[in-house]
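The values are calculated or read from the model by the stated rules, or taken from the named source; none is laboratory data. Please read these numbers as outputs of a predicted model, since none were measured by experiment. Here the Cβ is made from the backbone with ideal geometry for all residues, glycine too, and neighbour counts use every protein chain on show.
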Amino acid sequence: MPLPFPDLPFQWDANPDVLPGAAYGPGQQAVLNADGLALARRCIGAWPGYAPTPLVALPGLAAALGLGGILYKQEGDRFGLRSFKPLGGAYAVQRCLMRAVEAATGRPVDPDEILRGDHADIVAAVTVTAATDGNHGRSVAWGARMFGCRCVIFINEAVTEARETAIAAYGAQVRRHPGTFDDAVRAAFAAARREGWSVIPDTTDGQVVEAPRDVTQGYAVMGAEIIEQLAGGPAPSHLFLQAGVGGMAAATCAEFWRHYGADRPTTVLVEPEQCACWHASLTAGTPTAVTGDVDSFMSGLACGEPSALAWEILHPGAHAAMTLNDDAAPATMRLLAQGWDGDPPLVGGESGVAGLAGLITAARDAGARAALGLDETSRAVVIGSEGATDAALYEQVVGRPWQEVA
Ligand SMILES: Cc1ncc(COP(=O)(O)O)c(C=O)c1O
């Protein structure tokens, strides 16, 4: 039976500036190094409910695509928040609070002191803020509640009510701002300057880098888990990573680069065509914003401006960038829910499945397949970065509630 996947327009281009055989260098170390990863693993590993998320093999789908293997990292199970995002936003909140307590007490602070609530009075006086398309704000709000500080989250007009409610459920104040995600980012920074709040952005124009670096180091825990889960088996040949501002892709690319060095997997960025700022940036050789209506069904990827911190990793590190039509996401969600040819059924949200949608699209196109070196020996890793973060939308697309699929 042919794979139920539509032929849709897509584009892919090689990154002319990639350093394929290069070692992980000082520029990359400044974003993610062994100490940064170790601290993130120690902090996050101590949070209640921490467990590595599953890396699920999809041999049925791999065979249908003429590939050697597909491994899907199922982030829908992460801390009950249904996405990988708590690894970044909530971790950056903990680091922000550690710095606030260190400034107030004049001595180094152990992460467990923040987790235990040893400095509740200092922490309660801190307000953290962030802009979000849904998942990052939920993560920051969840972290703020876990550690006991105040939280104000900015969302733009396209964010669904379900996502707004999910953020407010963690006790955060939610402010809806007209315009795009990038406008909401600017609004969060302006409010923080006015009110003396701490911004926890997952993106940066290069000026504020501390919190985005914390976010990236927290995300890298996911890559470290995958590498441990792959231990003993053959090394992966390809990574297909969806990108919004690029933080998740940068963290994952960096961790694989740190571990595998010059033998790291071919890394392909995947974005919706109307907000493909990474495709635009890598083909131009310079960070490039895309404007106009950057909204996408893959709402977590609806970002028009790449993060300057992610650029340090992905400019030399990503081998190629591809753009997808929005319709690729629902087709992939349904395919995963069905479980192709004996594969386990999986719940993947609209942004969560984008990397896999990119892999499926590239593997079915003779030109992209050959150029990216995809064949029956390939072992591709994708990150299922969210489950049903919007349960009603999931049911509408897949035709069944996510609980039934899971
Ligand atoms: C589910 C999901 N996947 C991927 C991404 C992309 O992450 P980044 O913006 O760090 O590129 C996001 C961002 O919000 C997301 O929510």
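Taken as a whole, the condition of being closer than 25 Å to GLY261 by Cβ and within 16 Å of the ligand (Cβ to nearest atom) does not apply to LEU37.
Suppose we keep only residues that are within 12 Å of the ligand (Cβ to nearest atom) and among the hydrophobic types (A, V, I, L, M, F, W, C) within the stretch 70-85. Which one would you say is farthest from the chain's Cα centre (by Cα)? Selected residue: LEU81.
Residues in the stretch 256-276 that are among the hydrophobic types (A, V, I, L, M, F, W, C), in a helix (DSSP H, G or I) and crowded, with 18+ Cβ neighbours inside 10 Å: PHE256, TRP257, CYS275.
Do we have TYR219 as away from the ligand (no atom under 16 Å from the Cβ) and assigned to a helix (DSSP H, G or I) here? It is false that TYR219 is away from the ligand (no atom under 16 Å from the Cβ) and assigned to a helix (DSSP H, G or I). With respect to the conditions (1) closer than 30 Å to ASP341 by Cα; (2) more than 16 Å from the ligand (Cβ to nearest atom); (3) among the charged types (D, E, K, R), ASP118 lacks only one, and its number is (1).
Taking the listed residues PRO26, PRO59, PRO111, PRO86, the one that is farther than 30 Å from TYR170 by Cα and surrounded by 15 or more Cβ atoms within 10 Å (Cβ to Cβ) is PRO59, with no other qualifying.
Would a scan of the stretch 359-375 turn up a residue that is within 11 Å of the ligand (Cβ to nearest atom) and under 27 Å from VAL221 (Cβ atoms)? Checked the stretch 359-375: no residue is within 11 Å of the ligand (Cβ to nearest atom) and under 27 Å from VAL221 (Cβ atoms).
Residues that are touching a residue at least 24 places away in the same chain (Cβ under 8 Å) and in a helix (DSSP H, G or I) within the stretch 277-305 comprise CYS277, TRP278, HIS279, SER281, LEU282, THR283, SER299, GLY300, LEU301, listed in sequence order. Between GLN242, GLN274, GLN229, GLN217, the distinction of being polar (S, T, N, Q) and without any contact (Cβ under 8 Å) to a residue 60 or more places away in the chain belongs to GLN274 only.
Is the stretch 282-304 home to any residue that is within 11 Å of the ligand (Cβ to nearest atom), among the hydroxyl-bearing types (Ser, Thr, Tyr), at pLDDT below 95 and under 15 Å from the mean Cα position of the chain (by Cα)? Yes, some residue in the stretch 282-304 is within 11 Å of the ligand (Cβ to nearest atom), among the hydroxyl-bearing types (Ser, Thr, Tyr), at pLDDT below 95 and under 15 Å from the mean Cα position of the chain (by Cα). Only one of the numbered conditions (1) surrounded by 24 or more Cβ atoms within 10 Å (Cβ to Cβ); (2) away from the ligand (no atom under 14 Å from the Cβ) is violated by GLY348, and that is (2). Against the numbered list (1) touching a His at 6+ places or on another chain (Cβ under 9 Å); (2) outside the structural domain of ASN325 (by TED's automatic domain parsing), GLN207 comes up short only at (1). Selection of first residues in the stretch 67-96 that are on the phi < 0 side of the Ramachandran plot and in the same structural domain as TYR170 (by TED's automatic domain parsing) and of second residues that are assigned to a strand (DSSP E or B) and surrounded by fewer than 24 Cβ atoms within 10 Å (Cβ to Cβ), restricted to Cβ pairs under 8 Å at least 6 apart or on distinct chains, gives the following pairs, ordered by first then second residue: CYS96/SER198. Would you check if VAL159 is among the β-branched types (Val, Ile, Thr) and not in a loop (DSSP other than H, G, I, E, B)? Judged against the criteria, VAL159 is not a match. Checking each residue in the stretch 37-96 for being part of a strand (DSSP E or B), polar (S, T, N, Q) and touching a Leu at 6+ places or on another chain (Cβ under 9 Å) picks out only GLN74.
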